[in-house]
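Asker: Take this structure, written in structure tokens, and hold onto it; I'll ask about it next.
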Amino acid sequence: MRLLDKATLGAVLGAGALAPSTASVSAAIACRGNVCWHTQGRYEYPREARIVIRPDDWRWRRHERYVWREHESRGYWRGGRWIE
């Protein structure tokens, strides 16, 4: 087998091995009112938190006004405070 063929085969096998690991990632955007943040998964929030989960590629429309407030831990924003 030529070197170029081996390199191509290696790249295809490597990409195939990574494909299942990227499929399991489930990022989303969570919003409460007009405050949004990124999440690492689709968490279950308490009903009284009134969190709306959107797909990771969601964008608001031109006339809408949202703000991004990121946070590292799992929880949600309420009244300017992070609730875990």
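Bear in mind that the values in this text are calculations on the coordinates, not laboratory data. All of these numbers come straight from a predicted model, not from anything done at the bench. All Cβ positions, glycine included, derive from the backbone under ideal geometry; neighbour counts span all protein chains shown.
Asker: Arranged by the count of other C-beta atoms within 10 angstrom, fewest first, what order do HIS63, HIS38 take?
Answerer: HIS63, HIS38
Asker: For a footprinting-style exposure proxy, rank SER73, SER26 by other Cβ within 10 Å, fewest first.
Answerer: Fewest-to-most Cβ neighbours within 10 Å comes out as SER73, SER26.
Asker: Work out how much length GLU64 to SER26 would gain on full extension: take 0.36 nm times their residue separation and subtract the Cα-Cα distance, in nm to one decimal.
Answerer: The span from GLU64 to SER26 would gain 11.1 nm if fully extended.
Asker: Sort all Cα-Cα distances of the range 33-84 into consecutive 10 angstrom bins from zero, then give the percent of pairs in each bin up to the one containing the longest distance.
Answerer: All Cα pairs, binned at 10 Å, distribute as 21, 60, 19, 0 percent.
Asker: How much length would be gained if the chain were fully extended between ARG54 and GLN40, taking 0.36 nm per residue of separation minus their Cα-Cα distance, in nm to one decimal?
Answerer: Computed gain between ARG54 and GLN40 is 3.8 nm.
Asker: For a footprinting-style exposure proxy, rank TYR76, TYR45 by other Cβ within 10 Å, fewest first.
Answerer: Working: TYR76 21, TYR45 18.
If I rank by nearby Cβ atoms, fewest first, I get TYR45, TYR76.
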